[in-house]
């Protein structure tokens, strides 16, 4: 009997300790923003008291101890933030591997080298275009980054005045990274912003694969990196007019896109939509009656591996957008990112399972990406249940959009880029306007208070997000549709039918699978 009582008491004690109810005093409070984490006691060998006489004597012939300590702490904080931003930038660059594997796996073997070539050269061509003028147009008037310790030389924005309000359109400093732009902070910003641009530029390479001339792709890479992407990015991230809708017109905090649901993914998705319309479907994609004919990818394990690499790199994509390893909200951002991706994959799988009787692996893999795209804008501003809901809806939107784009619009998108990035990029921006819970974002875009969505009392933030979606669709789609139409008249965008039938690897001079006969139709 005594043993049973002791066991019961022991179990009760474990429960009480686990729930924190057996100790006197106030229970610990959650700190979702991490603002209370880290004090003087967390500095090695530091105390919170005044410096000792010995300390004062040691520094009597130099600058005051407090000043020196403050300078050291400040320098270390910026160093941490800069290192964090660079490492996250490296992770985002690694996403290029994921895109290459994903797009190549979802397309046919006879085009594998061509698809890989676009994925490696969009990095090189896009980087040079962004260095020439894209970065300056995007960030030249943004004023730098306080978390990185400077960059205030980027202080020149081209503006027009309407209704007594300045509308910033593009930056005018930072071209070629020379002069005032030869600065450690600005170079760090360039690297981080470049890999984001590269992600947007890569998206259409999958949607237009298997019939896009390599020469046409090269010119597109310059157009995206040097002009169209930087303009919209400036309006949201570079201090441009969309970011100032809150300060100028009291619409929340203006358009808020934490890591790029619209700036990166919508831009890439609607550029892809314009290109797919102009380029037309692959030979054999649609039957005579207009119904779609499935053209399976040649290597699904490769595609799934690419999707998982993208999910890994996305942790840098989203958490790195704090530009601060010292911003402890990064833990919330990372977890929200993970939750949304899993929810997107699950809902996409279940949708296909219930509708067609079997789970569709390729759709589940794209559902993973859809959840990531959708959470990219709101990841810093929502709680965990909202992140899961955003991901679940993203997976469903993906499936319905893919079926609509192919079945109703009769458009051929081999990898589902329009649905993954375009549709769910829009959903991501809108979801922030719905679910932002007011925990984070004080003074963002010059507006006092934290970011709150419609369900937390700020309908104006949702309205601002709607404007952001509308502007992206109108500007990006119209600009690229016009560009593709004009370019197609000058230099044909599409390969000749016989080249398409044989495979586009001949365009880049290397066959991915040379052991395959060029006449094998299964490729």
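Here are some notes:
- Peptides 151-164, 467-480, 380-393 ordered by packing proxy, namely the average of other Cβ atoms within 10 Å per residue, highest first: 380-393, 467-480, 151-164.
- Each peptide in 491-498, 316-323 gets a packing score, the mean of other Cβ atoms within 10 Å over its residues, and the list from highest to lowest is 316-323, 491-498.
- Each listed q (0.07, 0.09, 0.13 Å⁻¹) maps to a log10 I(q)/I(0) for the chain, found by the Debye formula over equal Cα scatterers with no solvent: -0.44, -0.68, -1.24.
- Extension gain for residue 29-residue 163 works out to 43.5 nm (0.36 nm per residue, less the C-alpha to C-alpha distance).
- Helix 300-319 and the longest principal axis of the Cα set of the chain meet at an angle near 40°.
- From helices alone, the chain scores -18000 deg cm²/dmol at 222 nm; the rule is -39500 (n - 2.57) for each run of n ≥ 4 DSSP H residues, then divide by the residue total.
- Rounded to the nearest 10 degrees, the angle from helix 184-207 to the longest Cα principal axis of the chain is 30 degrees.
- Annotation for residue 466 and residue 408: the two label points, set 7 Å from Cα along the Cα-Cβ direction, are 2.0 nm apart.
- By average C-beta atoms within 10 angstrom, highest first, the peptides 349-359, 241-251: 241-251, 349-359
- Length released on extending from residue 75 to residue 87, taking residue separation times 0.36 nm less the Cα-Cα span: 2.5 nm
Values quoted throughout were computed directly from the atomic coordinates according to the rules given, and no laboratory measurement underlies them. Quick caveat, the model's predicted, so the values are computed rather than measured. All Cβ positions, glycine included, derive from the backbone under ideal geometry; neighbour counts span all protein chains shown.
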